[in-house]
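Structure first, then comments.
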Amino acid sequence: MFERLEESGAEIAFTFDGRPCTGRAGDSVAAALIANGVKVFRTTPVGGAERSAFCMIGACFDCLVVIDGRASRQACLIPLQEGMAVERQIGRRDPAR
């Protein structure tokens, strides 16, 4: 569905569900996840349906993830930063997090 058009920019290390990954300077979190082969970003609160990046412009909310402990972050709008801990969001966010 999506693919990287060029391989430029400094390499940035981050984790997804505890697994080491790398992205490029200028990537959004969603772009970096896709480049690392991640297909499921979250599951829906009702029914547990799997969701991934869809619009890549922040309109649809299908790319919600947990970033550094903060839930319901739109991965397509957040710039990737060194050392980010990104997790798949299961269902709705936990207000206590």
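The values are calculated or read from the model by the stated rules, or taken from the named source; none is laboratory data. This structure is a prediction, so every number in the text was calculated from the model and none was measured. As a convention, Cβ positions derive from the backbone with ideal geometry for all residues, glycine included, and neighbour counts pool all protein chains shown.
Under 9 Å from the mean Cα position of the chain (by Cα) and either within 24 Å of Ala10 (Cβ to Cβ) or without any contact (Cβ under 8 Å) to a residue 60 or more places away in the chain (or both), is that true of Phe41?
On the way: under 9 Å from the mean Cα position of the chain (by Cα): yes; either within 24 Å of Ala10 (Cβ to Cβ) or without any contact (Cβ under 8 Å) to a residue 60 or more places away in the chain (or both): yes.
Criteria met by Phe41.
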Only one of (1) of a type outside the set (Lys, Arg); (2) in contact with a Ser or Thr (Cβ under 9 Å, 6 or more places away or on another chain); (3) part of a loop (DSSP other than H, G, I, E, B) fails for Val46. Which number is that?
(2)
Would a scan of the range 12-24 turn up a residue that is farther than 16 Å from Met84 by Cβ and either within 15 Å of the chain's Cα centre (by Cα) or of a type in the set (D, E, K, R) (or both)?
no
For the range 1-20, how many residues are touching a strand residue (DSSP E or B) at 6+ places or on another chain (Cβ under 7 Å) and touching a residue at least 24 places away in the same chain (Cβ under 8 Å)?
6
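Can you confirm whether Arg73 is farther than 17 Å from Ile90 by Cα and either modelled with pLDDT of 95 or more or surrounded by 13 or more Cβ atoms within 10 Å (Cβ to Cβ) (or both)?
Numbers: farther than 17 Å from Ile90 by Cα: no; either modelled with pLDDT of 95 or more or surrounded by 13 or more Cβ atoms within 10 Å (Cβ to Cβ) (or both): yes.
Answer is no for this residue.
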Matching residues in the range 50-97 (over 19 Å from Ile34 (Cβ atoms) and free of Cβ contacts under 8 Å to residues at least 40 places away in the same chain) number 10
